[in-house]
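Following: one structure in structure tokens, then a few remarks.
The values are calculated or read from the model by the stated rules, or taken from the named source; none is laboratory data. This one's a predicted model, so the numbers in the text were calculated from it and none came from an experiment. FYI the Cβ positions are ideal-geometry reconstructions off the backbone, even for glycines, and counts take in every protein chain you see. Side chains are part of the model used for accessible areas, which takes the heavy atoms of the whole protein and leaves out ligands, DNA and RNA. Shrake-Rupley method; radii C 1.70, N 1.55, O 1.52, S 1.80 Å.
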Amino acid sequence: MRRPFIAGNWKMHLTKAESIDLAKALVDLAPSGASADVAVSPPFVYLDAVAAVVHGTSIGLAAQNLSEKPNGALTGEISAAMLRDLGCRYVIVGHSERRQFLGEIDSLVFEKANAALDAGMTPIVCVGETLEQRRAERTAEVIASQFGGSLAGMDADRIERVVIAYEPVWAIGTGVVATPQQAQDVHADLRKLLTSRYNAAIAGTVRIQYGGSVKPDNAVELLNQTDIDGALVGGASLNADSFWRIVTAAPKGHD
Ligand code: PGA
């Protein structure tokens, strides 16, 4: 049974005080033993403050990015070990905003995901097609190529520790959500890619989140699709109530 995993990606939003307040509100809402794993991903500079709030609760901490290098003279970069030191359990890798605007390519995403694993964190590796690619009916090909370049080079014992996030670029921050069927189709394709590269047992273990305009009113239908194991939530994660309504929309899990 794959336990659902709902992560809130706060992106480059909020002040320190707002981050702390949001984290506190979530801790208040979190019952002991929610049926989903939950994490929040504040900007780097607020990780420490948010860590102090969520420490010892059921809410995990995620960073939004990391360096692919373990340490060194790399001004402005942040290593996996530093994030681990602050209490991060997860790190988002290869978000489409970084692929699109910050030049991250599959080989770099692969290195970053491995750096996270080396430090004992779970990378949330993002893949997804643009609107142009979807219109040209190239979605399956784009996803297969991102899977090949960002994930498939890992050994079986590493891929089992990865979370994949399918985030169609055209659905991110646009209010245009993929239909449950559109999302399910790509998730099923990803699981097939896992089966052919690894095996059915591994494909049945790896969690695949959906991201892109997930809101309380569309979460139930999305999260109930057989191959959708959670959500990576942007805009709706900036409000404790709407984020928590998404968390509670998750079913117990899928086999
Ligand atoms: P959104 O962002 O929910 O605001 O569309 C999702 C994401 O980018 O992870």
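The calculated P(r) of the chain, using every Cα pair and 5 Å bins from 0, goes 1, 7, 15, 19, 21, 18, 12, 6, 2, 0 in percent.
Restricting to DSSP H runs of at least four residues, report the calculated mean residue ellipticity at 222 nm for the chain, -39500 (n - 2.57) per run over all residues, nearest 500 deg cm²/dmol.
Computed ellipticity for the chain at 222 nm equals -12000 deg cm²/dmol.
Do you know the relative contact order of the chain, to the nearest whole percent, from alpha carbon pairs under 8 angstrom that are 6+ apart? For the chain, the relative contact order is 23 percent. Report the Cα centroid-to-centroid distance between the stretch 42-98 and the stretch 189-249 in angstrom, as an integer. Cα centroid to Cα centroid, the span is 21 Å. In this simple spin-label model, placing a label point 7 Å from the Cα along the Cα-to-Cβ direction at both T248 and A51 gives a separation of 3.1 nm. Projecting label points 7 angstrom from Cα along Cα→Cβ for A201 and N224 puts them 3.3 nm apart. Once the C-beta distance of L86 and R135 is scaled by a Förster radius of 51 Å, the resulting FRET efficiency is 0.80 to the nearest 0.05.
Using a 1.4 Å probe on the protein chains only, how many percent of the accessible area of the stretch 17-67 belongs to carbon and sulfur?
54
Positive end of the dipole of the chain (Cβ unit charges, origin at the Cα centre): among V127, S107, I208, the Cα lying farthest that way belongs to I208.
All C-alpha pair distances within the stretch 1-87, sorted into 10 Å bins from zero, spread as 17, 47, 28, 8, 1 percent across the bins.
Per residue, the solvent-accessible area of the chain (1.4 Å probe, heavy atoms of protein chains only, all protein chains present) comes to 43 Å². What a 1.4 Å probe finds exposed on the stretch 203-255 is 45% carbon and sulfur by accessible area, rounded to a whole percent. Once a ≥ b ≥ c are taken as the square roots of the eigenvalues of the Cα gyration tensor of the stretch 126-255, is the result rounded (a/c under 1.5), prolate (a/b larger than b/c) or oblate (a/b not larger than b/c)? Oblate, because a/c is 1.5 or more while a/b does not exceed b/c. Quick note on the stretch 21-66: its Rg to Rh ratio, both from C-alpha atoms and Rh being the Kirkwood radius, is 0.95.
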